[in-house]
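S.K.: What follows is a structure written as structure tokens; I'll ask about it next.
Any read-out appearing in this document is the output of simple, stated calculations on the displayed coordinates, not a laboratory observation. Because the structure is a prediction, the values reported are computed rather than measured. Cβ placement follows ideal geometry from the backbone for every residue including glycine, while neighbour counts extend to all protein chains displayed.
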Amino acid sequence: MQLAVFVVDGVADFGLSAVLEAFDLAGSLRGEVARPPADWDIHIAGLGDSVTSARGHVIPTTPLSELAAEPIDTMVVPAVNVLAAETLVDLVSGPVHAPVLDRLRGAHADGVHLAAACTATYFLAEAGVLDGSPATTSWWLGPDFRRRYPNVQLDESRIMCHGNQVTTAGAILSHMDLALSLVYRASPDLAERTSRFLTMGNRTNQWQYVIPEIMARGNPLIAEFERWVRAHIADQFLIATAARELGISERSLQRVVRADLGMSPKDFADDIRLERAVHLLRSTTKTVDAIASEVGYLSGGALRALIRRRRDLTIAQIRGSRASR
């Protein structure tokens with residue numbers, strides 16, 4: 001198998017290292033599974049003969065045009081070290097990276113499986129190869145990504161997302177999940193063994209890491225709604241009441257929140273309540289019923305059910321996570 005890790009100037013050092021280390025480890029463990037997959041050749045590829053990483057390291061690269069005659073099976077694009085969505089859009093859409101987008105389109109047309117994590121998902125989206133496909137990205141980029149690329153079926157709650165000839169992953173640590181998912185395509189047994197050596201659990205979603213305040217920043221109305229919910233977090237309010245006090249119709253609030261965040265105002269309010277509840281569960285010894293009351297739920301049972309549904313966690317798992325801090 002031929003694997004190209006396609007890098008550009010400003011590549012995130014951790015993202016690149018995570019992908020390479022995961023594949024190197026999987027390669028060293030091939031002999032320990034009953035039916036080892038074919039070995040893979042890993043090429044660090046670029047448009048030229050080197051790139052400079054975000055931390056200033058010069059990384060030798062093989063120009064894509066000079067790779068071995070054997071066709072590339074999979075191309076992985078690690079993140080670039082950019083946090084703000086506006087800066088990221090300027091980067092991926094600028095003339096410097098037009099050849100990068102052309103290469104990605106050409107690879108996709110040639111049947112190469114494309115994969116990207118974190119901010120690198122913007123390269124795939126800008127190239128158009130995610131149109132009509134399910135995808136994920138870093139959770140804080142979700143609102144901007146959704147506005148810029150409306151043809152992508154975005155679900156930023158997910159750590160991993162598999163589409164048609166494309167795989168995307170969430171925030172920076174998800175590079176490891178991405179690499180393991182590509183190993184899994186070759187051998188589930190090898191991926192499982194590699195994940196044990198990496199002490200990587202079965203992470204499925206990003207919701208437990210989301211900060212609602214940051215998700216709301218890109219839209220003044222949603223930011224105002226987020227502040228209103230926090231001010232009334234112990235109340236069992238109606239969304240219609242929130243909309244009225246914000247001076248808009250409930251239908252308008254529903255439309256704006258869903259367009260930007262991909263969820264209803266009620267779900268966003270639940271996420272704000274859950275963020276506070278999880279903080280209290282980890283930092284206090286208050287009972288579940290007491291915490292439920294503080295964040296606007298009638299009972300501890302209702303809070304437990306919501307945590308299970310929205311976070312895929314139990315109360316015991318949340319409280320147990322204090323031990324690792």
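S.K.: Between ARG147 and ALA34, how high is the FRET efficiency from 1/(1 + (r/R0)^6) when r is the Cβ-Cβ distance and R₀ = 56 Å? Nearest 0.05.
M.R.: With R0 = 56 Å, the Cβ-Cβ based efficiency is 0.70.
S.K.: Percentage of Cα-Cα pair distances in the stretch 248-313 greater than 16 Å, rounded to whole percent?
M.R.: More than 16 Å apart: 49 percent of the Cα pairs in the stretch 248-313.
S.K.: Next question. Counting Lys and Arg as +1 and Asp and Glu as -1, each charge on the Cβ, what is the dipole of the stretch 204-325 about the Cα centre in debye, to the nearest 20?
M.R.: Approximately 400 debye in magnitude.
S.K.: Let's see if you can work this out: charge +1 on each Lys and Arg Cβ, -1 on each Asp and Glu Cβ, no other charges. What is the dipole magnitude of the stretch 136-211 about its Cα centre, in debye to the nearest 20? Display every interim value, and only then the final one.
M.R.: On the way: 8 positive and 6 negative charges, 16 e Å.
That gives a dipole near 80 debye.
S.K.: May I pose another question? Taking R0 as 45 Å, what FRET efficiency do you get between ASP110 and GLN254 from their Cβ-Cβ distance, rounded to the nearest 0.05?
M.R.: Rounded to the nearest 0.05, the efficiency is 0.55.
S.K.: Separate question: Rounded, prolate or oblate: which fits the stretch 180-230, taking a ≥ b ≥ c as square roots of the Cα gyration tensor eigenvalues, rounded meaning a/c under 1.5, else prolate when a/b beats b/c? Provide the component values of the computation, followed by the final result.
M.R.: Working: a/c = 5.95, a/b = 3.62, b/c = 1.65.
Prolate shape, in that a/c is at least 1.5 and a/b is the bigger ratio.
S.K.: Please report THR167, THR136, THR52 as a ranked list, fewest other C-beta atoms within 10 angstrom at the top and most at the bottom.
M.R.: In order of increasing Cβ crowding within 10 Å: THR52, THR167, THR136.
S.K.: Next up: List the pair-distance distribution P(r) of the stretch 54-151, using every Cα-Cα distance, as the percent of pairs falling in each 5 Å bin from 0 up to the bin containing the longest distance, rounded to whole percents.
M.R.: 2, 11, 23, 25, 20, 11, 6, 2, 0
S.K.: Could you work out how far apart the two model spin labels at ALA223 and ASP155 are, taking each label as a point 7 Å from the Cα in the direction of the beta carbon, and quote it in nm?
M.R.: 3.0
S.K.: Sorting TRP140, TRP207 on the 10 Å Cβ count, fewest up front, what's the list?
M.R.: Fewest-to-most Cβ neighbours within 10 Å comes out as TRP207, TRP140.
S.K.: Let me ask something additional. Take the alpha-carbon centre of the stretch 203-220, take the same for the stretch 1-62, and report the distance between them in whole Å.
M.R.: 30
S.K.: If you take the C-alpha gyration tensor of the stretch 2-207, multiply each eigenvalue by 5 and take the square root, what semi-axes do you get, largest first, in whole Å?
M.R.: 25, 20, 16
S.K.: How large is ³J(HN,Hα), in whole Hz, for each residue of the stretch 72-83 in order, when computed from phi with the Karplus curve 6.51 cos²θ - 1.76 cosθ + 1.60 and θ = phi - 60°, using x for Gly and Pro?
M.R.: 6, 8, 9, 10, 9, 10, x, 5, 9, 7, 10, 9
S.K.: Ok, one more. Taking a quarter of the surface of the Cα convex hull of the stretch 198-276, what do you get in nm²?
M.R.: Details: hull surface 24.3 nm².
It is 6.1 nm².
S.K.: Provide the gained length on full extension for the span LEU298 to ARG230, in nm with one decimal, where the gain is 0.36 nm per separating residue minus the Cα-Cα distance.
M.R.: Values: separation 68, 0.36 × 68 = 24.48 nm, distance 1.73 nm.
Answer, rounded to one decimal: 22.8 nm.
S.K.: Dipole of the chain (Lys/Arg Cβ +1, Asp/Glu Cβ -1, origin at the Cα centre): which of VAL92, ILE211, PRO37 lies farthest to the positive side?
M.R.: ILE211
S.K.: Can you bin every Cα-Cα distance in the stretch 211-324 into 10 Å intervals starting at zero and give me the percent of pairs per bin, rounded to whole numbers?
M.R.: 14, 45, 30, 10, 1
S.K.: Give me Rg/Rg_expected for the stretch 151-209, where Rg uses Cα atoms only and Rg_expected = 2.2 N^0.38 Å with N residues.
M.R.: My calculation over the Cα atoms of the stretch 151-209 gives 1.14.
S.K.: Enter the Cα centre distance for the pair the stretch 256-325 and the stretch 117-181, rounded to the nearest angstrom.
M.R.: 26
S.K.: In which sequence would TYR122, TYR297 go, from the one with the fewest C-beta neighbours within 10 Å to the one with the most?
M.R.: Working: TYR122 29, TYR297 23.
Least to most surrounded, the residues fall as TYR297, TYR122.
S.K.: Which value, in debye to the nearest 20, gives the size of the charge dipole of the chain about its Cα centre, when Lys and Arg are +1 and Asp and Glu are -1 at the Cβ?
M.R.: Approximately 1500 debye in magnitude.
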